[in-house]
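Structure, as structure tokens:
The values are calculated or read from the model by the stated rules, or taken from the named source; none is laboratory data. The structure displayed is predicted, hence computed values, not measured ones. No Cβ is skipped: glycine too gets one built from the backbone with ideal geometry, and neighbour counts run over all protein chains shown.
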Amino acid sequence: MRRRVMVALLFGSALGGAACLAAETPAEIRISAKKFEYHPNKVTAKLGQPVVFVLTSEDRIHGFKMPDFGLRTDIVPGQETRVTLTPDKAGSFTFFCDVFCGDGHEDMEGTLVIEA
Amino acid sequence: MQHTDRRDFLKLAGMAGVTFTAGLFPGRQAAAQAADFHFVQFSDSHWGYSGPANPDAEHTLEKAVATVNGLPKQPDFIVFTGDLTHTTEDGKERRARMKRFREIVGALTVKDVRFMPGEHDASLDKGEAFKEFFGATHYTFDHKGVHFIVLDNVSDPAAKLGDEQLAWLAADLKQRKADDRIVVFTHRPLFDLKPDWDWTTADGAKAIELLMPYQNVVVFYGHIHQENHHMTGHIAHHAAKSLIFPLPAPGSQPKRTPLPYDAAMPGLGTRDVSVADKVSFVELPVTKG
């Protein structure tokens, strides 16, 4: 009896650990950049749940800047750039290219929607 | 006061816009050694732009040159605070635009003309073509007791001054006295005017920190295509109108798209800056009207 309880406890603990691990693994949001757009240019995340942006470029160095969350990075062709965010506020937030890339650079932006 | 007198004759000439008298050089007492002079700021002519935001783009710069040539009292010098040309990925076309721009401004009566790049001129080739036509992208000069510093926050496409230029600035400032009169020219705002519209300089705060110990500093810049006046501590920052199309006030609309074209061009112009113990300036419309 005692052994059965022990096994159940261990099993329960293992399940809980797995659930915990799943909760902490950030969802991936993949965004590709090229002159003068991001694809997709509208992405969604949930308040309080971590996400990782996986950023790639199809042509040249672009930037990825989201001042509302203090995020910025270069996106270099030929490699994946990963940026993690745990949103602490809901709403719509702009991200944009801050590495001048030509005529159209000013229009290169997208929106992150954080759902409460 | 002399600047008032000049403002009056500008009004008589039908050229004066709104006069802005700044408490510039705030640490400066009225002093005998102050030499009165004036210069004109041109900005963001974007030569080569073609589009609905300015159907008159081929002539606007020429009109502004004619207007400044018509000033009754010619300025001591003229400064262009960047985006002389509109960007193109074709290096040959970039040089053709710079050549034509240089020809047009060659008609200015005043021949002491200072240039600096904007991101449209320099960010795609790190200032290579600009240097061929206009020389260094950052430098200093002195005029009648005022020290002028030209900063380049565009040749790095990530809108940085960079550590090397910041060290150069620090070394230059070390040679100044705390109450020297210092005027900074640059293209982008050195402060965070509207970061989500990219109206900022990535490391501009470092430049402001270096300038902060000096009591009499004023910054003139372009980039945002409109007048804007902002203080960081005792340092005043003044953005100029463009000569191509006006942009919206920071945050006044969702996107930083150009304002609709108005044939009267009220949002375009140059600026006549008078420097003495105080600095004042008058916005000049593109044409006499």
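Scanning region B:72-91 for residues that are away from chain A (no Cβ under 14 Å) and either touching a residue at least 60 places away in the same chain (Cβ under 8 Å) or assigned to a strand (DSSP E or B) (or both) returns B:Pro72, B:Lys73, B:Pro75, B:Asp76, B:Phe77, B:Ile78, B:Val79, B:Phe80, B:Thr81.
Can A:Lys65 be described as surrounded by fewer than 19 Cβ atoms within 10 Å (Cβ to Cβ), within 14 Å of the chain's Cα centre (by Cα) and at pLDDT 95 or above? If you could, list the steps in order and put the result at the bottom.
Values: surrounded by fewer than 19 Cβ atoms within 10 Å (Cβ to Cβ): no; within 14 Å of the chain's Cα centre (by Cα): yes; at pLDDT 95 or above: yes.
Answer is no for this residue.
When A:Pro77 is tested against (1) in contact with a strand residue (DSSP E or B) (Cβ under 6 Å, 6 or more places away or on another chain); (2) within 14 Å of chain B (Cβ to nearest Cβ); (3) more than 19 Å from B:Val154 (Cβ to Cβ), just one condition goes unmet, and that condition is (2).
Conditions (1) among the acidic types (Asp, Glu); (2) over 16 Å from the mean Cα position of the chain (by Cα); (3) more than 16 Å from B:Lys144 (Cβ to Cβ); (4) at pLDDT 95 or above, marked per residue:
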{"position": "B:Ala32", "(1), (2), (3), (4)": "no, yes, no, no"}
{"position": "B:Ala53", "(1), (2), (3), (4)": "no, yes, yes, yes"}
{"position": "B:Val68", "(1), (2), (3), (4)": "no, no, yes, yes"}
{"position": "B:Pro75", "(1), (2), (3), (4)": "no, no, no, yes"}
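Any idea which of B:Asp121, B:Asp156, B:Asp152 is within 22 Å of A:Lys35 (Cβ to Cβ), touching a helix residue (DSSP H, G or I) at 6+ places or on another chain (Cβ under 8 Å) and not hydrophobic (A, V, I, L, M, F, W, C)? After applying the criteria, what remains is B:Asp121. As a summary of the residue check, B:Thr137 satisfies the conditions (1) in contact (Cβ under 8 Å) with a residue 24 or more places away in the chain; (2) away from chain A (no Cβ under 14 Å); (3) assigned to a loop (DSSP other than H, G, I, E, B) except for the one numbered (1). Checking every residue in region B:92-107 against the condition of being closer than 26 Å to B:Tyr261 by Cβ, at pLDDT 95 or above, within 14 Å of chain A (Cβ to nearest Cβ) and touching a helix residue (DSSP H, G or I) at 6+ places or on another chain (Cβ under 8 Å) gives at least one match. Do we have any residue at all in region B:220-241 that's at pLDDT below 95 and of a type in the set (Phe, Trp, Tyr)? No, there is no match, as no residue in region B:220-241 is at pLDDT below 95 and of a type in the set (Phe, Trp, Tyr). Kindly evaluate B:Gly82 against the criterion of being modelled with pLDDT of 95 or more and at positive phi. Spelling it out, B:Gly82 is indeed modelled with pLDDT of 95 or more and at positive phi.
Taking the criterion of being free of Cβ contacts under 8 Å to residues at least 24 places away in the same chain and either part of a loop (DSSP other than H, G, I, E, B) or within 16 Å of the chain's Cα centre (by Cα) (or both), the residues of region B:97-122 that qualify are B:Gly106, B:Lys111.
Any chance region A:41-59 includes a residue that's surrounded by 15 or more Cβ atoms within 10 Å (Cβ to Cβ) and within 14 Å of chain B (Cβ to nearest Cβ)? Yes - at least one qualifying residue is present in region A:41-59. Kindly evaluate B:Ile182 against the criterion of being closer than 25 Å to B:Ile78 by Cα and touching a Lys or Arg at 6+ places or on another chain (Cβ under 7 Å). For B:Ile182, the condition - closer than 25 Å to B:Ile78 by Cα and touching a Lys or Arg at 6+ places or on another chain (Cβ under 7 Å) - is met.
The single residue among B:Asp156, B:Asp112 that is under 21 Å from B:Asp44 (Cα atoms) and within 14 Å of another protein chain (Cβ to nearest Cβ) turns out to be B:Asp156. Each residue in region A:85-104 was checked for being within 15 Å of B:Pro195 (Cα to Cα), within 8 Å of chain B (Cβ to nearest Cβ) and in contact (Cβ under 8 Å) with a residue 24 or more places away in the chain, and 4 pass. In region A:77-93, the count of residues that are crowded, with 16+ Cβ neighbours inside 10 Å and closer than 24 Å to B:His223 by Cβ is one or more.
For (1) more than 19 Å from the chain's Cα centre (by Cα); (2) not in a loop (DSSP other than H, G, I, E, B), each residue gets a yes or a no:
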{"site": "B:Asp152", "(1), (2)": "no, no"}
{"site": "B:Ala158", "(1), (2)": "yes, no"}
{"site": "B:Leu166", "(1), (2)": "yes, yes"}
{"site": "B:Ala170", "(1), (2)": "yes, yes"}
{"site": "B:Leu173", "(1), (2)": "yes, yes"}
{"site": "B:Lys177", "(1), (2)": "yes, no"}
{"site": "B:Ile182", "(1), (2)": "no, yes"}
{"site": "B:His187", "(1), (2)": "no, no"}
{"site": "B:Leu190", "(1), (2)": "no, no"}
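Filtering B:Thr137, B:Thr88 for residues that are farther than 26 Å from A:Arg72 by Cβ, polar (S, T, N, Q) and either in contact with a Phe, Trp or Tyr (Cβ under 7 Å, 6 or more places away or on another chain) or surrounded by fewer than 23 Cβ atoms within 10 Å (Cβ to Cβ) (or both) leaves a single hit, B:Thr88. Which condition does B:Gly145 not pass, out of (1) within 14 Å of another protein chain (Cβ to nearest Cβ); (2) modelled with pLDDT under 95, if it passes all the others? Result: B:Gly145 passes all but (1).
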